[in-house]
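Reading through the structure tokens given below for one structure.
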């Protein structure tokens, strides 16, 4: 999918949505983490540097406010790309904090949860937008090039564009396997975060449905096999994507629904 494709309105993408329904779907998503012992990478050297002191925690401080790049609430539909994805411009006007490493091809798709310690239960659009901006700011403060993931699936089942897929992400730390081979897991790896902490809560049905549809869309776009669709804990030691999402991911991959 191209990041430059023409946008369409959210109302057009979701026919029959009334203004009341839209406003009810559009205002409160709070606190999330980017869990899993992530590592930030220097754009020039590729050297790993610790991203966050607390293992498994990637959330901004509880109650933190988004800064100057967060969108102001407004009762209008968000734009949606032809692919059905809400573009990055809908939630931030900021670009990357520093030069991003090019992706140079994709051979892996990895699903995550955000791991907010208190869980993530909101499905309102404009709070989701502000929340994503808080995550981006927090990542930048911790020396990431930009927000770590490429896409998010929110509690309403909407897909958000985060880091552009032309750039390598920062969503999985480097790891050494049983044969002592170092794997730079962010290389050629598209990262999708499903909003919520699935150690303590369940993904919504809308999220489950979107995982299948969007996962299949990405697989087709990048010509990936089922074996190239992973969850975070298959790459490195982590709780991510949580005990309540991992079985579903195993099922949909076994049934080739994603």
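The values are calculated or read from the model by the stated rules, or taken from the named source; none is laboratory data. Keep in mind it's a predicted model, so treat the numbers as computed, not measured. Backbone-built Cβ (ideal geometry, glycine too); neighbour counts: all protein chains shown.
Structure data summary
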item	result
The stretch 56-80, residues that are modelled with pLDDT of 60 or more and either surrounded by 17 or more Cβ atoms within 10 Å (Cβ to Cβ) or outside any loop (DSSP other than H, G, I, E, B) (or both)	66, 70, 71, 77, 78, 79, 80
Flag if residue 112 is on the phi < 0 side of the Ramachandran plot and at pLDDT 95 or above	yes
Any chance residue 180 is part of a loop (DSSP other than H, G, I, E, B) and more than 26 Å from residue 98 (Cβ to Cβ)	yes
Verdict on residue 207 being in contact with a strand residue (DSSP E or B) (Cβ under 7 Å, 6 or more places away or on another chain) and touching a residue at least 40 places away in the same chain (Cβ under 8 Å)	yes
Tally of residues being surrounded by 22 or more Cβ atoms within 10 Å (Cβ to Cβ) and in a loop (DSSP other than H, G, I, E, B) across the stretch 191-234	5
Pairs with Cβ under 9 Å, 6+ apart, first in the stretch 245-258 and touching a residue at least 24 places away in the same chain (Cβ under 8 Å), second exposed (fewer than 12 other Cβ atoms within 10 Å of the Cβ)	253/227
Residue count, the stretch 81-93 (criterion: assigned to a loop (DSSP other than H, G, I, E, B), under 16 Å from residue 165 (Cα atoms) and either out of contact with any strand residue (DSSP E or B) (no Cβ under 8 Å at 6 or more places or on another chain) or without any contact (Cβ under 8 Å) to a residue 12 or more places away in the chain (or both))	1
Condition broken by residue 180, with the remaining ones in (1) under 12 Å from the mean Cα position of the chain (by Cα); (2) surrounded by fewer than 18 Cβ atoms within 10 Å (Cβ to Cβ); (3) free of Cβ contacts under 8 Å to residues at least 40 places away in the same chain satisfied	(1)
Residue match in the stretch 216-225 (condition: at pLDDT 95 or above, under 16 Å from residue 110 (Cβ atoms) and in contact with a helix residue (DSSP H, G or I) (Cβ under 6 Å, 6 or more places away or on another chain))	no
Hits in the stretch 94-120 - residues which are within 12 Å of the chain's Cα centre (by Cα) and in a loop (DSSP other than H, G, I, E, B)	114, 115
Pick from the stretch 168-177, criterion at pLDDT 85 or above and assigned to a loop (DSSP other than H, G, I, E, B), ranking: farthest from residue 237 (Cα to Cα)	168
Scan of the stretch 139-162 for residues that are touching a residue at least 24 places away in the same chain (Cβ under 8 Å), surrounded by 22 or more Cβ atoms within 10 Å (Cβ to Cβ), outside any strand (DSSP E or B) and touching a helix residue (DSSP H, G or I) at 6+ places or on another chain (Cβ under 6 Å), ordered by number	148, 154
Meets criteria (touching a helix residue (DSSP H, G or I) at 6+ places or on another chain (Cβ under 8 Å) and closer than 23 Å to residue 243 by Cβ) for residue 120	no
Test: residue in the stretch 122-138 that is touching a strand residue (DSSP E or B) at 6+ places or on another chain (Cβ under 7 Å), surrounded by 22 or more Cβ atoms within 10 Å (Cβ to Cβ) and closer than 22 Å to residue 105 by Cα	no
